[in-house]
Amino acid sequence: MIKQFANSVIENVSKVIIGKEDVIQLALVALLAEGHVLFEDVPGVGKTTLSKALARSLGCTFSRIQFTPDLLPSDVTGIYWYNQKSQSFEFRPGPIMGQIILADEINRATPRTQSALLEAMQERQTTIDRDTYPLPRPFLVLATQNPIEMEGTFPLPEAQVDRFLMKISLGYPDEAQENEFLLRYARQDPLIELETVTSPEEIVQMQQAVRDVQMDDKVRAYLVQVVRATREHPAADLGVSPRGSLALYRASQARAAVLGRDYVLPDDIKALTPTVLTHRIHISPQTRLRGRTPEEILQEVISQVPAPVFQ
C-alpha cells in the first residue's frame, strides 16, 4: 500500500518537477518518518515549486512563510488580538498552523524567530502566551536556504539544524531534462492543473504503518556502529547525536516501506546516511583547510564499518 502511494505521488509531482524522482522520494521518506527537510541549493532550481506540488498532491493545507530579518515569532505562531465587538481576546493562528509548511530562506530570519519553529518541529505543538495548541497532522516543514549568498543571513543554530531529518540539494537538471522543462512550461504552469492523489487521513495511517517495519538486530547494530564511528573519526570535532541515530532509524523504516518492504536492509542505511547525517557531523577546521567535506568523512565511515551479511 505504501509503495503504491509513493509511486502515485512521485508520478504526480514529476509532472511539475522533471527528473528529480529521487528527491521526491526522499521528501516522501521524510514525511512518512514524521521528519522535516532542509533544502540547501541555489535559487531557481524548483524548491518552492516542489513544496507546492507535494502539498497539492497530498491534499494537505499549504502555508508559506517568507523569512526576513524583521519577521517576528508571533508572525509565525500567531497572536491574541482584542475583538472590540465581543470585548474579548481571540486567537488568530499563524501560518505554522498548516500541514505542509514552506519556510522560505529560513536563514534570513533572526535566531529569535528561527527558534519559534523549534517546539513545532519537535513536539508538533506551539505555545502562545500560556496556551498550547496542537498542530494538524501530517505536519511537514520544508525549509530552504541559499548556500551562496551569505549577506544579511543568520546561520541556523545547531539545535535548529538537528531538527531536520534530511538536508537535500536538488541540483541542476541535465540537458534533456531542461529541454523537457521548457516544453512542459511553454504554454501553462502544470502546477495549476495538478490533481490530488491521496488524503491527509491516509498519510497519517501510513505514518503509523511505517513504525511497524522490522529492523533485524544485526541491522540495528550496524546502524549504531555507523553513528558511533562518526563520533570517533579523527577528522570530526562533533559526531552524530542520539537524535541523529533515531532519525536514521525512522528514515530507514520509511525508505523500506516506500520500496515495498516490511523490513530494513543495510542498503537503506547506506543510501540515507548522506542526507540524514551530513548536517549533523562537524569536522575540524584543519580538515576543512585540507578541502575535505562531511560527505567524504561519511563515505569513509560507510566503507570502514562492515555491513551484516544475511544468508
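Derivation of every value follows stated rules applied to the coordinates shown; laboratory data play no part. Quick caveat: nothing in here was measured; it's all calculated off a predicted structure. Every residue, glycine as well, gets a Cβ built from its backbone with ideal geometry; the counts of neighbours run over all protein chains shown.
Key figures
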{"quantity": "For region 64-124 versus region 252-311, the gap between their alpha-carbon centres in whole angstrom", "calculated": "34 Å"}
{"quantity": "Relative packing of 271-284, 29-42, 130-143, which averages over residues the other C-beta atoms within 10 Å, highest first", "calculated": "29-42, 271-284, 130-143"}
{"quantity": "Length added when fully stretched, GLN299-THR68, from 0.36 nm per residue minus Cα-Cα", "calculated": "79.6 nm"}
{"quantity": "Segment ASN179-GLU232, length gained on full extension (0.36 nm per residue, minus Cα span)", "calculated": "14.4 nm"}
{"quantity": "Helical mean residue ellipticity (222 nm; -39500 (n - 2.57) per DSSP H run of 4+; nearest 500) of the chain", "calculated": "-13000 deg cm²/dmol"}
{"quantity": "Calculated FRET efficiency for the pair THR61/GLU123, C-beta based, R₀ 25 Å, to 0.05", "calculated": "0.80"}
{"quantity": "Contact order normalised by residue count of the chain, Cα under 8 Å, 6+ apart, percent", "calculated": "22 percent"}
{"quantity": "Label-point separation, GLN84 to THR196 (7 Å along Cα→Cβ), nm", "calculated": "3.8 nm"}
{"quantity": "Computed FRET value (nearest 0.05) for SER115 with HIS282, which takes r as the C-beta separation and R₀ as 25 Å", "calculated": "0.80"}
{"quantity": "Viscosity 1.306 mPa s, temperature 10 °C, Stokes-Einstein D of region 211-304 from Kirkwood C-alpha radius, µm²/s", "calculated": "118 µm²/s"}
{"quantity": "For region 30-182, alpha-carbon Rg relative to the globular expectation (2.2 N^0.38 Å, N residues)", "calculated": "1.13"}
{"quantity": "Prolate/oblate/rounded label for region 160-242 (Cα gyration tensor, a/c 1.5)", "calculated": "oblate"}
{"quantity": "From phi via Karplus (6.51, -1.76, 1.60), per-residue ³J(HN,Hα) for region 238-255 in Hz, x at Gly/Pro", "calculated": "9, x, 6, 7, x, 4, x, 4, 5, 4, 5, 4, 5, 5, 5, 4, 5, 5"}
{"quantity": "Nearest-ten-degree value, helix 200-210 long axis tilted from longest Cα axis of the chain", "calculated": "20 degrees"}
